[in-house]
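One structure is given below, encoded as structure tokens.
The values are calculated or read from the model by the stated rules, or taken from the named source; none is laboratory data. Since this is a predicted model, take the numbers as computed values, not measurements. All Cβ positions, glycine included, derive from the backbone under ideal geometry; neighbour counts span all protein chains shown. In case anyone asks, the SASA skips ligands and DNA or RNA and just uses the protein heavy atoms, side chains included. Shrake-Rupley method; radii C 1.70, N 1.55, O 1.52, S 1.80 Å.
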Amino acid sequence: MAAFGAGFGIIAAHAGIGPAEAILMSTLVFAGAAQFVVAEIWADVDTASGLTTIAFVTLLVNMRLFLMSAALRPWLGSLPGRQIYPGLALLTDPGWLLIARYRAQGGADAAALFASGFMLWVTWIVGTATGHELGIFIVDPMQFGFDLVMPCFFIVLLVPLWRGFYRAIPWLVAGFTALIAARFLPPWWHIMAGVIAGSLTTGALNDRR
Amino acid sequence: MVAIVIMGAITFVIRAGGFWLIGYVQVSDRMRRMLEALPGSIVAAVVLPIAAKNGAAGVFALAAALTVMLAFRSTLLGVMVGIAAAALVRRAGL
């Protein structure tokens with residue numbers, strides 16, 4: 001996560017996002033994928049259309065967090081809001097996957113949501129600051145594979161979630177739908193398309209059992 | 001600055017909204033199973049297109065990360081070996 005944050009810092013420095021802005025963004029937004037995409041369109045931030053695009057991209061790229069948040073309801077629904085929403089405010093993909101693994105291994109403490117979120121948040125901010133500092137010296141971040149930290153982290157977290165091939169069929173459907181959708185849909189819609197296809201598959205499969 | 005605040009606000013509404021909204025809907029058994037199967041689907045939908053876009057470097061990075069994770073059950077080690085594999089493949093110019 002620190003490396004991923006540093007990766008954002010480096011990209012931000014190259015995109016013309018100032019150090020204070022990069023750190024503020026990592027603190028307030030704390031959503032890596034959206035921040036990486038916004039860095040690419042940051043040059044137009046002062047125009048109305050640029051601002052609208054940034055808002056729309058943020059909405060689109062982060063929409064999956066809506067589904068993750070909804071998925072926590074069966075587990076945390078009975079607790080009072082003040083215990084849940086601070087943790088939800090720090091919800092991220094890695095945080096959510098860590099929580100999913102924690103649950104799969106039998107964990108039941110709701111405080112784990114906030115604790116893991118907070119830990120990742122601090123790491124993310126420190127990583128951004130460090131990366132931005134170093135950004136000037138690193139000419140090509142891709143040379144070191146920094147751009148692939150997120151996918152590597154994701155695929156690794158899949159291992160503890162494995163429950164046999166039957167349960168993994170929706171994953172395959174989601175992956176291949178996203179792969180095909182990425183060719184036809186505008187950028188970043190493919191994630192949502194894949195996730196929806198995967199969910200529908202889960203519903204259909206379990207129905208037939 | 002305005003853009004960052006807007007991004008933060010939108011992201012918070014999404015994060016809190018899913019949990020909040022589904023509290024007002026009757027969650028059926030099938031819907032619960034669909035929600036529980038989400039993590040794997042999200043991982044696949046994010047990761048596969050990135051791997052395809054990066055060609056050999058992407059495929060080798062993910063395969064290396066997955067292999068190391070299966071062998072040693074260490075998240076950190078898996079990620080480190082994964083990006084190292086990508087760096088090596090790119091250096092080799094594949």
- Note on the structure: A careful count of residues in the range A:16-39 that are surrounded by fewer than 18 Cβ atoms within 10 Å (Cβ to Cβ) and more than 26 Å from residue A:69 (Cβ to Cβ) gives 5
- Note on the structure: Checked B:67, B:75 against criteria (without any contact (Cβ under 8 Å) to a residue 40 or more places away in the chain, open to solvent by less than 40 Å² (accessible area, probe 1.4 Å) and within 19 Å of the chain's Cα centre (by Cα)); the one match is B:75
- When you scan the range A:92-197 for helices (runs of 4 or more DSSP H) that lie fully inside it, which ones turn up with 3 or more residues that are more than 10 Å from chain B (Cβ to nearest Cβ)? A:111-135, A:165-184
- Answer yes if at least one residue in the range B:13-27 is among the polar types (S, T, N, Q) and over 22 Å from the mean Cα position of the chain (by Cα), and no otherwise. yes
- Query: residue A:169 is checked against (1) open to solvent by 70 Å² or more (accessible area, probe 1.4 Å); (2) closer than 23 Å to residue B:29 by Cα and fails just one. What number does that condition carry?
  - Reply: (1)
- Item | Criterion violated by residue B:88 - all others in (1) more than 7 Å from chain A (Cβ to nearest Cβ); (2) touching a Gly at 6+ places or on another chain (Cβ under 9 Å); (3) modelled with pLDDT under 90 satisfied | (3)
- Note on the structure: Of the conditions (1) surrounded by 19 or more Cβ atoms within 10 Å (Cβ to Cβ); (2) assigned by TED's automatic domain parsing to the domain that holds residue A:32; (3) within 16 Å of the chain's Cα centre (by Cα), the single one that residue A:131 does not satisfy is (3)
- So which of B:16, B:44 ends up being at the interface with chain A (Cβ under 7 Å from one of its Cβ atoms), in a helix (DSSP H, G or I), surrounded by fewer than 24 Cβ atoms within 10 Å (Cβ to Cβ) and in contact with a Phe, Trp or Tyr (Cβ under 7 Å, 6 or more places away or on another chain)? B:16
- Message: For the list (1) at pLDDT 85 or above; (2) facing chain B (nearest Cβ under 9 Å); (3) open to solvent by 50 Å² or more (accessible area, probe 1.4 Å), I need the number of the one condition that residue A:55 fails.
- Response: (3)
